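Only one structure is covered here, and it is reproduced in the block below.
The values are calculated or read from the model by the stated rules, or taken from the named source; none is laboratory data. In this text, all values refer to a predicted model and were calculated from it rather than measured experimentally. Neighbour counts run over all protein chains shown; Cβ positions are idealised from the backbone, glycine included. These area figures cover heavy atoms from the full protein model, side chains too; ligands, DNA and RNA do not enter into them. Shrake-Rupley method; radii C 1.70, N 1.55, O 1.52, S 1.80 Å.
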Amino acid sequence: TDATLAEDVQNLYAVDGARVPYTPEFAMSVAVDYVHPISSSVDGYLRFDFQHVGDRNTEFNQELGVDMPSYQIGNIHIGIQSDNWEVALFMKNIWDERAILSADNALGVNNWVIERPRTIGLTVRTHS
């Protein structure tokens, strides 16, 4: 993303060409679903999604902001489903990435919001 300022903005300490805060130069998301019939009324499925977010900073003037490094998050779901129900095992944040999602520097103290650690679980749903 080429999200930069087109001119100086003095009250933001921002100069022409400065990258917009929290905006990486490159980000992408990919999702893949595979569904295969197990019987006439039940499908098995595998779902994988991946997100990459490039490095970014919290301020126009990067010397005043907090640097947030790039990260990659992957999630996987394996399950079976019918018209009325669904059961799936999932793993979120496969690589247990401690990504900094947002940050600020209040009164000289860095505060970060960090991605949840790897989470493994079971989802059971009914469909009406």
Which Cα, out of LEU101, ILE80, TRP112, lies furthest along the positive dipole direction of region 73-116 (beta carbon charges, K/R +1, D/E -1)?
TRP112
Please list, in order along region 34-47, the HN-Hα scalar couplings obtained from phi with the Karplus expression 6.51 cos²θ - 1.76 cosθ + 1.60 (θ = phi - 60°), rounded to whole Hz, x for Gly and Pro.
10, 10, 9, x, 9, 8, 5, 10, 10, 10, x, 8, 10, 10
Accessible area, 1.4 Å probe, largest first: how do TYR13, TYR22 sort?
TYR13, TYR22
Residue span TRP95 to TYR45: 0.36 nm per residue of separation minus Cα-Cα distance leaves a gain in nm of 15.9 nm
About the Cα centre, and with charges only on the beta carbon of Lys, Arg (+1) and Asp, Glu (-1), how big is the dipole of the chain? Nearest 20 debye, please.
660
Counting just the Cα atoms, what span does region 27-74 cover along each of its three principal axes? Round to the nearest Å and put the largest first.
61, 12, 12
In the neighbourhood of PHE90 defined by beta carbon distances under 14 Å, the net charge of the other residues (Lys, Arg +1; Asp, Glu -1) is +2
Accessible area in square angstrom per residue, region 10-101, 1.4 angstrom probe:
62
Roughly how many percent of the accessible protein surface of region 15-67 is carbon and sulfur, given a 1.4 Å probe and a whole-percent answer?
55
Leaving ligands and nucleic acids out of the surface, order ILE80, ILE94, ILE38, ILE73 by accessible area at 1.4 Å, largest first.
ILE38, ILE80, ILE94, ILE73
Label-point separation (nm) for THR4 and ASP104, each offset 7 Å from Cα along Cα-to-Cβ?
2.8
Sorted by mean Cβ packing within 10 Å, highest first, what order do the peptides 64-72, 109-117 take?
64-72, 109-117
Of SER39, PHE60, ALA27, which is farthest along the charge dipole of the chain in the positive direction, counting Lys and Arg as +1 and Asp and Glu as -1 at C-beta?
SER39
Residue-ordered couplings for region 84-89, obtained by feeding phi - 60° into the Karplus form 6.51 cos²θ - 1.76 cosθ + 1.60 and rounding to whole Hz (Gly and Pro as x), are 10, 8, 8, 10, 8, 8
Please give the direction-averaged projected area of the C-alpha convex hull for the chain, in square nanometres with one decimal.
10.8
Taking amide H positions as placed in the peptide plane 1.01 Å from N, state which residues far from LEU101 in sequence (5 or more) or on other chains have amide H under 5 Å from it.
VAL113, ILE114, GLU115
